[in-house]
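Working notes, structure below.
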Amino acid sequence: MEAAASSVGSGFASQLRPSLGLRGGRRFSPRPPPPPRSWLRPPRPAVRRLCGEGGRTHDAITTATSRDQLGELEADAVGSAALEPGRSSPVEVREEMARCFDLVHRLGRGAVYLGSSRVPPTHPHYLHTAELAREAIIGSCGDHPVFVSQQIAQLLNCTTWTGAGPGLMDAAIQGALEAEKPVGGFKISKEAGEWTTSNFHPYLPPETYLTCRFFSARKHGLVDAAVRSSHTDRTAVVALPGGIGTLDELFEIMALIQLERIGSTLPVPFLLLNYDSYYSKLLDFLSDCQEWGTVAQGEVASLWKVCNGNHEALEYLAEFYNVPAAERNYRLSPQMNQQRISYARS
């Protein structure tokens, strides 16, 4: 019996020794990991480039199996990093912010549109946005739509502000131009859609927009364009369907409104356009946050107005600014309910 127990114990101990750091009954220190291979470490600018700011991704590093391949990746990354905006001094950012504020001062504050740069002109959301910015009626004249003015720019009699990019930003610009109202924009050289290789807008006059090097300056400009300092200011923030950049902007503005740090003396109407239930799952998530207790009950609903269509949005703005009923002559196209049409396939 004792011999059997001894043999079982010795067998069990032999299984435990490797995990306990025992070898032959003696404790040993685990072998230290090998030193890092310095040639696998790209220079610091390349790390930012290779880990997902546009070109080859991190997966490209893992598939590289030789010094030559990694050398090519590093050279490509360093070359691209050279095109990135320099942050050698906070003065550069401050000066760009000052130019943004100056542009807003020259063109006037107004309606700020946030939205995807990837939406093609054939998508229903593009048409919804152009109509909202223009508040148009779409009739037919042969194969061409006829647009009649009387849009949100006219309702508020203000400047239309966007990121001066493609997609829904371009739709808002087109609507404002139809209304013959001023347009201003803060372009960025790295938009997710087209027009990324040039600092110039395809058709806007250069005095109406600014190409920003820094996203922080661009955001400050868009926020300043929506600030209300007197009762005669009619401004708004309109969040259209969009991706990461749009979500970043709309949540930042929401936080500024929540914390009363937007810099506006008077409240600014903030609209979320839930075309075709685009934002419904986001709204469900925010509702779940209330259940978890990370967001106060009713807090989100108090910060913005969720609108499912253009008529609801226009009515909300008209009520907000006490526009007489006689001036609310909306002539809108029939609602285009086309659920979940991919932007890439439209």
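The values are calculated or read from the model by the stated rules, or taken from the named source; none is laboratory data. In this text, all values refer to a predicted model and were calculated from it rather than measured experimentally. Cβ: placed from backbone, ideal geometry, glycine included. Neighbour counts: every protein chain shown. Accessible surface areas use protein heavy atoms only, side chains included; no ligands, DNA or RNA. Shrake-Rupley method; radii C 1.70, N 1.55, O 1.52, S 1.80 Å.
For the reader, a short list of remarks on this structure follows.
- Straight-distance crosslink candidates among lysines, where the alpha carbon sits under 26 Å from residue 281 and sequence neighbours closer than 8 are dropped: 219, 305
- Solvent exposure ordering (accessible area, 1.4 Å, most first) of 294, 208, 162: 294, 208, 162
- Highest average packing first - 112-121, 175-184, 277-286, 245-254, Cβ atoms within 10 Å: 112-121, 175-184, 245-254, 277-286
- Taken along its three principal axes, the alpha carbon spread of the range 268-333 comes to 46, 24, 13 Å, from the longest extent down to the shortest.
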